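So the structure is just underneath, and the comments pick up after that.
We did not get these values from a lab; they are worked out from the coordinates using the rules stated. Computed from a predicted structure; not experimentally measured. When we count neighbours, we look across all protein chains shown, and the Cβ atoms used for this are built from the backbone with ideal geometry, even at glycine.
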Amino acid sequence: MQVLWINLKEPGSARARLERMPSVSSVPIVAAPELPPAIDAVTVNAVLIAVRQAANVLCDRWSLLTLLLAQAGVHRFNEFSERGGMASRLLTSRLTMLEEQEIIVRLAYSRRPLRHEYHLSHMGLALFDVFATMARWEHTWHPSADAAGLRIEHLACGATAARPLPHCAACNALLLARDIKLTVSQREIEAMPTKATSYRRSTLSTTKRGLGAPVPLAHAIDVFGDKWGIELVMCLFTRVRNFNGFEAHLGISTNILADRLARLTALGILRPTTDADRFGKGAYALTDKGIDLHPILLAIQAWADTWLRERYRSPVTFVHRPCGQPLQLQVSCEACGQALSRANSRLVID
Ligand SMILES: [Zn+2]
Ligand SMILES: [Zn+2]
């Protein structure tokens, strides 16, 4: 078993800084990271294969937007189209795909004429944590976009705009990137195919949203609505940092890679570092904002491991270092400290 660490150079001083802060949750809860030790190419490949399983299903801009709207109670075709600014053909293709994946189910609500509603299956409802962690990240790093965003009503405590915080379900501590340890199972790696396959390559849509409605979680969807986005972020978490490394691990063409690196840099997720490699193509590091994506990655991995059972299971297990337990993400309400879940909360798009 190989152990990787995501931690900080000076946990003591960082912790002290956090403790001095009046409200920990009102500021980004991250500090400069120390990259985990380099891992071998086979392990990186296995990690990326696992990520790609989830990315194939979720990481498409219009699929995410459709699922988000469905979480917020949208069921009918026209409402998806209007609120998401999606053309009919685009929406039809995404609804069909999500139905094939059994994330959405189609139910007839009228026989004459025949009309359908689209509802989330249990698998779709279970994406609540993914959107809740995205909402936390969006509100942390793009607070001015709140008006265009969504809010979470916590029915348990009556908060109308609950702030979701990532906690460890075992010890209830606030989750910090530095406290997460990754363990890699050799057995799971051996079960992996040698090559990461992709059955649907996303292309970044440049389609203008026709109706001018602001998209909720716009920035999170900018990152995760493109499968190269999540794969590049995961590369950096596994310490693959330079252009040639990305190219080799992802099988991505040079021009698309350059484009995505520029986009993620513009989004403030990555920053070029000075230690350009000998090929003259640069190395990159995650910014604090990029590192703070980790609860979303945890939520996506937890969802994929639970619901995409027929696929290859991630060879990576996260462990919460302070309590030593396998990491189970619990999204809690900042106001009352209780769990925010699909059962006791409502996603509302104003
Ligand atoms: Zn814990
Ligand atoms: Zn609450």
Task: Listed peptides 65-75, 94-104 by packing density, highest first (mean Cβ within 10 Å) - done: 65-75, 94-104
Task: Cβ-defined net charge surrounding residue 99, 13 Å radius [Lys, Arg +1; Asp, Glu -1] - done: -1
Open item on the list: About the Cα centre, and with charges only on the beta carbon of Lys, Arg (+1) and Asp, Glu (-1), how big is the dipole of region 47-113? Nearest 20 debye, please.
Closed with: 200
Task: Rg in Å to one decimal, and Dmax rounded to a whole Å, for region 224-345 via C-alpha atoms - done: 16.9, 54
TODO: Using only C-alpha positions, report the orientation-averaged shadow area of the convex hull of region 50-132, nm², one decimal.
DONE: 5.5
Task: Sum of side-chain charges, residue 134 neighbourhood, beta-carbon under 12 Å (Lys, Arg +1; Asp, Glu -1) - done: -3
Open item on the list: What distance in nm separates the two pseudo spin-label positions at residue 187 and residue 157, each 7 Å out from Cα along the beta-carbon direction?
Closed with: 4.0
Task: Built amide H within the under 5 Å cut-off of residue 116, gap 5+ - done: 109
TODO: Any chance you could tell me what percent of the C-alpha pair distances in region 87-134 go past 12 Å?
DONE: 68
Open item on the list: In Å, what Kirkwood hydrodynamic radius results for region 294-350 from the alpha-carbon pair distances?
Closed with: 13.4
TODO: Normalise the Debye intensity by I(0) for region 63-180, one equal point scatterer per Cα, no solvent, then take log10 at q = 0.12, 0.16 Å⁻¹ and round to two decimals.
DONE: -0.55, -0.88
Open item on the list: Residue by residue through region 250-263, what is 3J(HN,Hα) from phi via Karplus (6.51 cos²θ - 1.76 cosθ + 1.60, θ = phi - 60°)? Round to whole Hz and write x for glycine and proline.
Closed with: 9, x, 9, 6, 4, 6, 5, 4, 4, 5, 5, 5, 5, 5
